[in-house]
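The values are calculated or read from the model by the stated rules, or taken from the named source; none is laboratory data. What you see is a predicted model; the values in this text were computed from it and never measured. The accessibility values were calculated without ligands, DNA or RNA, using every heavy atom of the protein model including side chains. Shrake-Rupley method; radii C 1.70, N 1.55, O 1.52, S 1.80 Å.
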Amino acid sequence: MFGKMLTKNYQLLEREIASTFSRRFTKFGPHPEASLWFSEGRQRARFSVIAGIICERIQNRKVSICDIGCGYGGFLKFLQNEHNNIDFEYTGYDRLQTSRIDGLLDYVRHV
């Protein structure tokens, strides 16, 4: 019974997050404010830390990046603009399915 309650709570939380992101994406479009990071500065700080870890570990080798919860693809854009020295393949996955995202990105897989 406890497991079913946790599953139900998780599903409710997941729906609420998806709904909130969808509303914010409709309002703000493909910008950091839509992604629940609320500001470009906070998003860029997070992306910088992640990119730094990738750079430390790959040692000039090609890397495959799987971005779970990629939203509108902000991390890919960050890598392309700020870390174009990284040789990478990128695939983003997101649950949100909107034609606005599909039109912007051809590297997002909906799950």
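Among the numbered criteria (1) open to solvent by less than 40 Å² (accessible area, probe 1.4 Å); (2) at pLDDT 80 or above; (3) not charged (D, E, K, R), which single criterion is violated by residue 19?
Of everything listed in (1) open to solvent by less than 40 Å² (accessible area, probe 1.4 Å); (2) at pLDDT 80 or above; (3) not charged (D, E, K, R), residue 19 misses just condition (1).
For region 42-87, which residues satisfy the criterion of being among the aromatic types (Phe, Trp, Tyr) and open to solvent by 40 Å² or more (accessible area, probe 1.4 Å)?
Just the residues of region 42-87 that are among the aromatic types (Phe, Trp, Tyr), to begin with: 47, 72, 75, 78.
Correct list: empty.
Tell me, which strands (runs of 3 or more DSSP E) lie completely within region 35-111 with 3 or more residues that are at pLDDT below 75?
Values: elements: 63-68, 88-94, 108-110.
Ranges flagged: 108-110.
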